[in-house]
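Student: The structure is given below, and queries will be raised subsequently.
The values are calculated or read from the model by the stated rules, or taken from the named source; none is laboratory data. All values derive from a computational prediction rather than experimental measurement. Note: ideal-geometry Cβ built from the backbone for every residue, glycine included; neighbour counts use all protein chains shown. Only protein heavy atoms, including side chains, enter the accessible area calculation; ligands, DNA and RNA are left aside. Shrake-Rupley method; radii C 1.70, N 1.55, O 1.52, S 1.80 Å.
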Amino acid sequence: LFVVDRSASLQGTDKQITEWVDESLKKKKMSHLVGVYTFAENFQTEVALTTGEVNLPVFTPMSDPSNTDLAKALQLSTGIIEPNKATRIVLFTDGIETIGSVSDEIVKIAGGNVTIDVVQMARLSSEDVAITSFETPPVAFEGEQQQLNVTLDATSEAVAELLLYQNDQLLTREQINVEPGTNTYTFRN
């Protein structure tokens, strides 16, 4: 089984994965069953388990690529196979899981007839800025000015707009210059 992570963090790697699978299929024996499945938060079939010829199509778009559930993907892919047959799962992923716990699923699979090989995928470089921390004081008194600390991680230099809300009301809109790496900003409210 080829199980392919199609979450947002691996956007743009389809061609690389397709080439890898095509190269692997050159060594397929007639008795081998092959299937191609993709996942992000959900799991879907690209090529159902077959002994026949596998021509990899363009991957079907994922309904929700924002999350990665490796545990669910392994659970569902092991449910497709016959438990008494030796099975190899080739898992294409960057290893970043946002939902579930793959370690819990590995414990369930261990000792069976399933081998999991991981093809470590690298994220394609792209410009990205992410809030990694937002800190407020643990205690606040009415009328007291509070210090808010925001930490951002950026892959490249950028001009960004940071909006702070309180109870769905815009408090401040700040134009900020972001440098590659970690950036910290402090605001008073």
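Student: Need one number: nm distance between label points at E53 and L33, each 7 Å from Cα along Cα→Cβ, rounded to one decimal.
Tutor: A separation of 2.2 nm, rounded to one decimal place.
Student: Something else now. Given +1 on the Cβ of Lys and Arg, -1 on the Cβ of Asp and Glu, and no further charges, what dipole in debye does segment 63-189 carry about its Cα centre, rounded to the nearest 20? Mind showing how you got there, number by number?
Tutor: Details: 7 positive and 19 negative charges, 112 e Å.
Roughly 540 debye for segment 63-189.
Student: Please list the non-local residues whose amide H lies under 5 Å from the amide H of R88, H modeled 1.01 Å from N, same-chain partners needing a gap of 5 or more.
Tutor: Hits under the 5 Å cutoff: T115.
Student: In segment 1-74, what trypsin sites (Lys or Arg not before Pro) fall in a loop by DSSP, with at most 15 other Cβ atoms inside 10 Å? Could the numbers behind the result be given before it?
Tutor: Values: sites: R6, K15, K26, K27, K28, K29, K72; in loops: R6, K26, K27, K28, K29.
Taking segment 1-74 and a limit of 15 other Cβ atoms within 10 Å, the loop trypsin sites (Lys or Arg not before Pro) found are K26, K27, K28, K29.
Student: Report, for the chain, the % of DSSP beta bridges that are antiparallel, rounded to 5.
Tutor: Numbers: 28 of 42 bridges.
So the antiparallel bridges in the chain amount to around 65 percent.
Student: What is the ratio of the Cα radius of gyration of the chain to 2.2 N^0.38 Å, where N is its residue count, to two decimals?
Tutor: Working: Rg = 22.3 Å, N = 189, 2.2 N^0.38 = 16.1 Å.
It is 1.38.
Student: Could you run the Karplus curve 6.51 cos²θ - 1.76 cosθ + 1.60 with θ = phi - 60° over segment 96-105 and give me ³J(HN,Hα) per residue in whole Hz, x for Gly and Pro?
Tutor: 8, 9, 10, 9, x, 9, 5, 5, 5, 6
Student: Moving on to the next point. Taking springs between alpha-carbon atoms closer than 10 angstrom, which of P61, P137, P83 fluctuates most in the Gaussian network model of the chain?
Tutor: Looking only at P61, P137, P83, the biggest GNM fluctuation is shown by P137.
Student: To continue, here is another question. Just the Cα atoms of segment 22-124: what Rg and Dmax do they give in Å?
Tutor: Looking at segment 22-124, its Cα Rg and Dmax stand at 13.8, 38 Å.
Student: Next up: Going from the alpha-carbon gyration tensor of segment 105-189, what semi-axes, largest first and in whole Å, does one get by taking the root of 5 times each eigenvalue? Intermediate values should be presented prior to the final figure.
Tutor: Working: eigenvalues 311, 89, 21 Å².
Rounded to whole Å, the semi-axes are 39, 21, 10.
Student: Related question: Whole Å is fine, so just give me how far the alpha carbon centre of segment 103-119 lies from that of segment 126-152.
Tutor: A separation of 40 Å, based on Cα centres.
Student: Taking only Cα atoms and a 10 Å spring cutoff, compute GNM fluctuations for the chain and point out the largest among T172, T38, T155.
Tutor: Its mean-square fluctuation being the largest, the pick is T172.
Student: At 0.36 nm per residue, and after removing the present C-alpha to C-alpha distance, how many nm does the segment from D128 to D14 gain when stretched out fully? Display every interim value, and only then the final one.
Tutor: Numbers: separation 114, 0.36 × 114 = 41.04 nm, distance 2.01 nm.
Gain on stretching D128 to D14: 39.0 nm.
Student: Please give me, ordered by residue number, the chymotrypsin sites (Phe, Trp or Tyr not before Pro) of segment 99-189 that lie in loop per DSSP and have at most 16 other Cβ atoms within 10 Å.
Tutor: Passing both the DSSP loop test and the Cβ count: F141.
Student: Continuing with this model, one more query. Just the Kirkwood number for segment 55-103, please: inverse of mean 1/r across all distinct Cα pairs, in Å, one decimal. Walk me through the numbers on the way to the answer.
Tutor: Values: mean 1/r = 0.0783 Å⁻¹.
Its Kirkwood hydrodynamic radius stands at 12.8 Å.
Student: Take the chain, connect every pair of alpha-carbon atoms lying under 10 Å apart with a spring to form a Gaussian network, then pick out the residue of E97, E105, E23 with the largest mean-square fluctuation.
Tutor: Of E97, E105, E23, the Gaussian network model singles out E23 as fluctuating most.
Student: Which percent of the accessible heavy-atom area of segment 105-187 goes to carbon and sulfur, probe 1.4 angstrom?
Tutor: Working: 2840 of 6020 Å².
Here it works out to 47 percent.
Student: Give the accessible surface of the chain per residue, rounded to a whole number of Å², with probe radius 1.4 Å and ligands, DNA and RNA excluded. Walk me through the numbers before you get to the answer.
Tutor: On the way: 11770 Å² over 189 residues.
On a per-residue basis, 62 Å².
Student: From the alpha carbon gyration tensor of segment 123-167, can you work out the equivalent ellipsoid semi-axes (sqrt of 5 times each eigenvalue) and give them in Å, largest to smallest? Provide the component values of the computation, followed by the final result.
Tutor: Numbers: eigenvalues 177, 23, 13 Å².
Sorted largest first and rounded, they come to 30, 11, 8 Å.
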